[in-house]
Amino acid sequence: MKRAVAVGLGWLCITCTVPDIEELEAERPSICDADHPCQVRVQLSYDGFRPGCVTLRLTDAESSSKTLELPVEPPVLEGKGTREVGFVRRVDWSHTVVVTASARERSCSGQEVATATARVEVPKEGSVEVPLGLGARDEDGDGYVSAATGGTDCDDHSASIASGLEERCDFLDNNCDSRVDPDPVCAGVEWRTTPRLDGVALRDVAPHARGRAWFVSNSGVLAYVSREADGGFDMRRFGDCPGEWSTAWARPSDGRVFVGSWQGQLATRTTIVGAPCTLTPFDGGGAAIQDIVGFEGDAGTTLYAVSESGDILRWDYPADPVRVAHVDADLRSIHGLDPRTLIAVGTAGVKQPVAYHANPDGGTWLPEQLPPSSAGQDALQSVHVVSPGLAYASGDQGLLLEREGGTWTAKPSYPIFVDGGVAPDILDVVSFGRGSVLGRLDTDDIVRFDGTRWLDFRFGTQGFTSLEALSSDEVWSVAEDGTGFYWGP
């Protein structure tokens, strides 16, 4: 799947006028201005990636030894920008210039991934426009270009895998050296438990930073948990958000938590003791809010939530939440990397799994074509988007689906271990790459799919109710008995 991410435009002006003595001595480019009007306008376009470094090389067509390099400001992540860089031709240059633009991944010392060249006749009067397009593919947005388009990223479906990354303990080949979790990266990595919240049944966990997460319960209790330097956990308990909370998302920048309830309520509070919990006036009609996901950017914080009645809600905090779409389904989960990559899943009709993706035009959400499911695989319970080209969804009786390039395929279901029995439901799925798909079973176990087979990860005895992660090497879960679980370094 090719994705045009962050297409930016940069304007460069090459001015061909006789320089003054100071400029001749400095032999450097000068800014286009009223006294030095641009005669050549180079329009650079970037398709499919965001360059880490762009250079414009100017060469006299009649003498290749006469060259000048100009740095170009790479495009911002979202949007378009203009910039003028002047070039003052020395008197011994011809009137024909070869313009070459080159882009590198990550930085100016990175791999060159795209070039474009044009031969330009410098006009005596007026100006000429020269379009140059630089194209490469960085689907997962990690700054490393796919090896298939000249970059160094061996897996462009995962931002956790690229040649320049450090190895982590996460069941993935993070640095593309064909080794998974080499010694000693997994030393000291294990499951740890947080202090137990007595009398509280935890329902969801919302991590927002390394070692920091919110626990939410169906009895109005919220808890903010921080990993301590000695390996233990600090926990702040809040009881000022009355409600039977079912799901949560926490803002990365400051940890503010946003929660949804079984009765269709939405609320938010900060990590600060004494700060108020704010319940929104949104009326969900009593339909349970079953999942919530958010995005933080320069424009603010935007969240999306789904309900059992098929409502899709948008919450542009601090404004009130609103319904933006409705589908004829019981929606169980929603996830995405940004509003454009959102996918919602659940069940509809005569008990059949369904999935929908966000409409780029902001209109009705569009149904996805799913492969046939076996009898008893009536619903998709969870979805996790790894990259725009890769996602996983899990559901009833061991159902696991993989979405690559917009097409869903069935992966091996979690096996049946008892003769005459059925496979357990996979109630949560989390993934950061094909080699590590984690699932929470209704048998109170956490398991892992390595792309080929299912493996044990954590046996439970306390009633796991959620499975979440922000990064490939930190996993959180909570249980009905008020205990939290953390796996990581």
Report yes if F282 is of a type in the set (F, W, Y), modelled with pLDDT under 95 and under 30 Å from P353 (Cα atoms), otherwise no. yes
What pairs come up if the first residue lies in segment 121-132 and is surrounded by 11 or more Cβ atoms within 10 Å (Cβ to Cβ) and at pLDDT 80 or above, the second is acidic (D, E) and not in a strand (DSSP E or B), and their beta carbons are under 7 Å apart, counting only those six or more places apart or on different chains? none
Quick check on my filter: what residues within segment 472-489 are at pLDDT 95 or above and in a strand (DSSP E or B)? E474, V475, W476, S477, V478, A479, G484, F485, Y486, W487
Within segment 266-285, which residues are open to solvent by 10 Å² or more (accessible area, probe 1.4 Å) and under 27 Å from the mean Cα position of the chain (by Cα)? T270, T271
Restricting attention to strands (runs of 3 or more DSSP E) lying wholly within segment 161-258, give those where 3 or more residues are open to solvent by less than 10 Å² (accessible area, probe 1.4 Å). 202-209, 212-217, 222-227, 245-250
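Looking at segment 109-117, is at least one residue open to solvent by 50 Å² or more (accessible area, probe 1.4 Å), touching an Asp or Glu at 6+ places or on another chain (Cβ under 7 Å) and in a strand (DSSP E or B)?
No - not one qualifying residue is present in segment 109-117.
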Could you list, in sequence order, all residues of segment 363-386 that are assigned to a strand (DSSP E or B) and open to solvent by less than 30 Å² (accessible area, probe 1.4 Å)? L380, S382, V383, H384, V385, V386
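Taking the residues in segment 133-159 that are hydroxyl-bearing (S, T, Y) and open to solvent by 20 Å² or more (accessible area, probe 1.4 Å) as candidates, determine which candidate is modelled with the lowest pLDDT.
T149
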What number of residues within segment 402-439 satisfy the criterion of being in a strand (DSSP E or B) and either touching a residue at least 40 places away in the same chain (Cβ under 8 Å) or on the phi > 0 side of the Ramachandran plot (or both)? 14
Going by what's in this entry, would L399 be described as more than 21 Å from P207 (Cβ to Cβ) and either of a type in the set (F, W, Y) or at pLDDT 95 or above (or both)? yes
Looking at segment 324-333 only, could you name the residues that are part of a strand (DSSP E or B) and either within 16 Å of V293 (Cβ to Cβ) or open to solvent by less than 70 Å² (accessible area, probe 1.4 Å) (or both)? V324, A325, D330, L331, R332, S333
If a residue must be modelled with pLDDT under 85, assigned to a loop (DSSP other than H, G, I, E, B) and surrounded by fewer than 17 Cβ atoms within 10 Å (Cβ to Cβ), how many such residues does segment 37-72 contain? 1
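Conditions tested, residue by residue: (1) of a type in the set (D, E); (2) closer than 21 Å to F171 by Cα.
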residue	(1), (2)
E402	yes, yes
T409	no, no
S436	no, yes
D442	yes, no
T452	no, yes
R458	no, yes
So, first residue over 22 Å from G135 (Cβ atoms) in segment 36-65, second residue of a type in the set (G, A, S) and open to solvent by 50 Å² or more (accessible area, probe 1.4 Å), Cβ within less than 6 Å, six or more apart or across chains; the pairs are C38/S127; Q39/S127
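Quickly run through segment 459-469 and pick out the residues that are modelled with pLDDT of 95 or more and either open to solvent by 30 Å² or more (accessible area, probe 1.4 Å) or not small (G, A, S) (or both). Spell out the reasoning first.
First pass over segment 459-469, keeping only residues modelled with pLDDT of 95 or more: 464-469.
Passing the criteria: F464, T465, L467, E468.
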Six or more apart or on different chains, Cβ under 9 Å: which pairs go from a residue in segment 96-108 that's assigned to a loop (DSSP other than H, G, I, E, B) to one that's surrounded by fewer than 16 Cβ atoms within 10 Å (Cβ to Cβ) and modelled with pLDDT under 90? Could you list them? C108/P71
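Would you be able to tell me the number of residues in segment 312-323 that are assigned to a strand (DSSP E or B) and open to solvent by 20 Å² or more (accessible area, probe 1.4 Å)?
Adding up the residues that qualify gives 5.
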Could you tell me whether any residue of segment 394-411 is within 29 Å of R192 (Cβ to Cβ), surrounded by 21 or more Cβ atoms within 10 Å (Cβ to Cβ) and hydroxyl-bearing (S, T, Y)? yes
So which residues in segment 412-431 are out of contact with any helix residue (DSSP H, G or I) (no Cβ under 6 Å at 6 or more places or on another chain), closer than 21 Å to T247 by Cα and open to solvent by 10 Å² or more (accessible area, probe 1.4 Å), if there are any at all? L427, D428
Residues of segment 284-305 classified as in contact with a Ser or Thr (Cβ under 7 Å, 6 or more places away or on another chain), in a strand (DSSP E or B) and either over 19 Å from S261 (Cα atoms) or among the aliphatic types (A, V, I, L, M) (or both), total: 4
Name the residue that is nearest to L400 (Cα to Cα), counting only residues in segment 339-362 that are open to solvent by 30 Å² or more (accessible area, probe 1.4 Å) and assigned to a loop (DSSP other than H, G, I, E, B). K351
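The values are calculated or read from the model by the stated rules, or taken from the named source; none is laboratory data. Being a predicted model, the structure only gives us computed values, none of them experimental. Backbone-built Cβ (ideal geometry, glycine too); neighbour counts: all protein chains shown. All accessible areas refer to the heavy atoms of the entire protein, side chains included, with ligands and DNA or RNA removed. Shrake-Rupley method; radii C 1.70, N 1.55, O 1.52, S 1.80 Å.
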